[in-house]
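Undergrad: Below you will find the structure I want to go over with you.
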Amino acid sequence: MNFDTLQLLDKLQQDVGERVYEEQAGATLWQNYEVMVCELADDYTSRWSRLPPEHTYDFQRTEPRRRVVATRYAGALIWLFDELRKIHASEDEVYTFHDFYAELADTANEYNEEHKSGATATRLLEDVLDKVRRIYT
């Protein structure tokens with residue numbers, strides 16, 4: 001991980017701690033890189049997730065499939081995903097955006113599964129940021 005990335009992640013961690021995402025979050029649907037983030041899973045998301053991926057790569061690290069993260073904190077997670085796109089674009093060429101967001105979606109889904117009733121937006125975003133740091137080291 002380069003020094004600039006470390007500084008940006010530290011700033012993002014601080015923003016999460018200060019709950020900046022509450023002010024910045026707006027969108028409640030995000031769909032990129034075979035990942036969909038939404039507030040509620042419905043028939044459309046179920047059908048979408050079963051479709052084959054639009055793109056697969058021979059060097060893909062993650063299972064090539066579509067992922068849905070349905071969480072009441074969709075706006076906060078979308079804010080974080082958008083912020084991380086800027087960081088990832090300059091950091092790592094080994095992880096494609098498809099792999100990067102697949103890993104983050106899996107992490108968010110694992111957090112939601114483990115903390116069904118006790119989930120918080122801040123903790124969800126912190127778990128995703130922890131995953132980003134592990135990817136870059």
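Undergrad: State all residues of region 1-30 that are in a helix (DSSP H, G or I), in contact with a helix residue (DSSP H, G or I) (Cβ under 8 Å, 6 or more places away or on another chain) and of a type in the set (D, E, K, R); if no residue qualifies, say none. Explain how you work it out, then say what you get.
TA: Initial filter on region 1-30 (in a helix (DSSP H, G or I)): 3-17, 21-24.
Among the residues that remain, those that are also in contact with a helix residue (DSSP H, G or I) (Cβ under 8 Å, 6 or more places away or on another chain) are: 4-5, 8-9, 12-13, 15-17, 21-22, 24.
Correct list: Asp4, Asp15, Glu22.
Undergrad: What's the number of the condition Val16 fails, among (1) closer than 26 Å to Ser117 by Cβ; (2) exposed (fewer than 12 other Cβ atoms within 10 Å of the Cβ); (3) not polar (S, T, N, Q)?
TA: (2)
Undergrad: To continue, here is another question. I need every pair where a residue in region 31-57 that is closer than 18 Å to Phe97 by Cβ and in a loop (DSSP other than H, G, I, E, B) has its Cβ under 8 Å from the Cβ of a residue that is of a type in the set (A, V, I, L, M, F, W, C) and open to solvent by less than 90 Å² (accessible area, probe 1.4 Å), sequence separation at least 6 or different chains.
TA: Tyr33/Phe97; Tyr33/Phe100; Tyr33/Ala102; Glu34/Ala102
Undergrad: Within region 93-106, identify whether any single residue is touching an Asp or Glu at 6+ places or on another chain (Cβ under 9 Å) and part of a loop (DSSP other than H, G, I, E, B), and answer yes or no.
TA: yes
Undergrad: Give the residues of region 66-107 that are touching a residue at least 60 places away in the same chain (Cβ under 8 Å) and hydrophobic (A, V, I, L, M, F, W, C), sorted by residue number.
TA: Answer for region 66-107, where residues must be touching a residue at least 60 places away in the same chain (Cβ under 8 Å) and hydrophobic (A, V, I, L, M, F, W, C): Leu80, Leu84, Ile87, Phe97, Phe100, Ala102, Leu104, Ala105.
Undergrad: When the residues of region 84-110 are narrowed to those that are surrounded by fewer than 20 Cβ atoms within 10 Å (Cβ to Cβ) and hydroxyl-bearing (Ser, Thr, Tyr), which ends up farthest from Thr56 (Cα to Cα)?
TA: Selected residue: Ser90.
Undergrad: While we're looking at this one, here's another question. Run down Lys131, Lys116 and say which single residue is under 15 Å from Val16 (Cα atoms) and of a type outside the set (A, V, I, L, M, F, W, C).
TA: Details: Lys116 fails: under 15 Å from Val16 (Cα atoms).
Testing whether each residue is under 15 Å from Val16 (Cα atoms) and of a type outside the set (A, V, I, L, M, F, W, C) leaves just Lys131.
The values are calculated or read from the model by the stated rules, or taken from the named source; none is laboratory data. This one's a predicted model, so the numbers in the text were calculated from it and none came from an experiment. Glycine gets a Cβ as well: all are built from the backbone with ideal geometry, and neighbour counts include every protein chain shown. The area values use the complete protein model at the heavy-atom level, side chains included, leaving out ligands, DNA and RNA. Shrake-Rupley method; radii C 1.70, N 1.55, O 1.52, S 1.80 Å.
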